[in-house]
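Working notes for the structure below.
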Amino acid sequence: MKQQRIHTILKDLASRSASGEPRAMVPHCLSRYWLMFSKLCQTRSYHGSGPNPICYQEIAAFASLTGEQLRASDVALLRAMDEAWIMSAYKSMGGPQKKPLAPLTPAIFDSMF
């Protein structure tokens, strides 16, 4: 299966999961990624406005504790799934969508303190 198609399928599954839509069948060849993502989601933290993204440290700890051998492309795929999940979760909550950050200027930095 081509890498782009894998990303599309798994991101769609993650998005459906976050929005509460009925889950589609996970192709057997992708079940490893879906199971890893599901386990990582169980450790997800939340803040006042909703869920936090899964960070690299959590993925590294997961890989270390479970013995999973993750390549850079596996981590990128898990992060893409998480981004789709987060976007769908916020959309279903009616909350903020992910917005691009403005560049940090000296004036913005000074206004924070």
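Computed from the coordinates by the stated procedures, all read-outs in this text should not be read as laboratory data. Please read all numbers here as calculations on a predicted model, not as lab measurements. Every residue, glycine among them, receives a Cβ derived from its backbone with ideal geometry; neighbour counts consider all protein chains shown.
What to note about this one:
- If the condition is being assigned to a loop (DSSP other than H, G, I, E, B) and closer than 20 Å to SER31 by Cα, then region 47-75 contributes ILE54, GLY67, GLU68, GLN69, LEU70, ARG71.
- Considering region 36-68, the residues that are of a type in the set (D, E, K, R) and within 17 Å of SER15 (Cα to Cα) include one that is surrounded by the most Cβ atoms within 10 Å (Cβ to Cβ), namely ARG44.
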